[in-house]
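Please treat every number below as a calculation from the coordinates, not as lab data. Quantities reported herein were computed from a predicted structural model and do not represent experimental measurements. Methodologically, a virtual Cβ is constructed for each residue, glycine included, from the backbone with ideal geometry; neighbour enumeration extends over all protein chains shown.
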Amino acid sequence: MLLTIDVGNTNMVFGLFQGAQLLHHWRMASRLDSTADELGVFLDIAARRAGLTLSRGLEGVIIGSVAPPLTESLIRMSRSWLHVEPWIMHVDLIPDMPVRVKQPHRVGADRLLNAYAARARFGAPVIALDFGTATKFDVVGPDGAFLGGAIAPGFRTAADALVRRTALLPRVDLTAPPAAIGDDTVPAMQSGIVLGYVSLVEGLLARIKAALGHHPVPVVATGGLVDAILPHTQAIDHHAPHLTLEGLRLIYENQSSSHPSPNV
């Protein structure tokens, strides 16, 4: 079995694979002060509830992280609780997908993983769209290279900022109102946040596709907030809730077949 760990700014997700099959996945908040033992206890309890003992039969661990303090804790957890030296995702682990940006080593691991997994599943060109703390549009060009993309505030992030910076606006559910013209404060905010965000997504996708030229470009969406957007747009072709975990699995399989030790 392979344990994949996707560490985001808000949550981290643990995914357990048997071959290409995702057997289980568990989510916890990304607390930067989490210790190795706290992470180990969480994972141990989650696995035991699923009838598993992770320290038995675990082939490997691979971590993709945008939170360095948590990365260090997870490395220690993997060594002490799972007795496995983990792989740490970085751009040099994907030699079969050129990364054509000015500073490849500064691209977030999650962006590369989503692009890599989207290309593996849907071919190239393709756009991976990740709805999280930030909304990321990651673009694979017609030749299969990662070209970069666009990053916008996540719409929960934007909504929270709006509430914090205003005296009278309340926190609202991220659901679409009955109409674009809100007849009260709450539906007006929901129109601006949810429907406005749909327009942001559709507008950026149209511009990115135009920049790619005359190619059919599938759009695959993932991320914890995607369900709030999907019912309101036709611009997203596929929903892949575990795209980042899939990217980690593919990278691990690619590298473990040619390198006997982690962190090449």
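What to note about this one:
- Farthest toward the positive end of the dipole of the chain, out of Ala117, Val101, Gly19, is the Cα of Val101, where the dipole comes from beta carbon charges about the Cα centre.
- Among Arg100, Arg164, Arg111, residue whose mean-square fluctuation peaks in a GNM of the chain (springs only between Cα atoms under 10 Å): Arg164
- By the beta-carbon count within 10 Å of each Cβ, the least crowded to most crowded order of Val140, Val107, fewest first, is Val107, Val140.
- In sequence order, calculated HN-Hα J values of segment 156-167 (Karplus, 6.51, -1.76, 1.60; Hz; x Gly/Pro): 6, 4, 5, 5, 5, 5, 4, 5, 5, 9, 10, 7
- Amide N of segment 47-69 lying under 19 Å from the label point, which is placed 7 angstrom from the Cα of His83 along Cα→Cβ: 47-48, 52-62
- Size of charge dipole - the chain - debye, nearest 20, with Cβ of Lys, Arg +1 and Asp, Glu -1, no other charges: 240
- Gyration tensor verdict on segment 80-157 (Cα atoms; rounded if a/c is under 1.5, prolate if a/b is larger than b/c, oblate otherwise): oblate
- Between the C-alpha center of segment 6-33 and that of segment 206-235 there is a gap of 24 Å.
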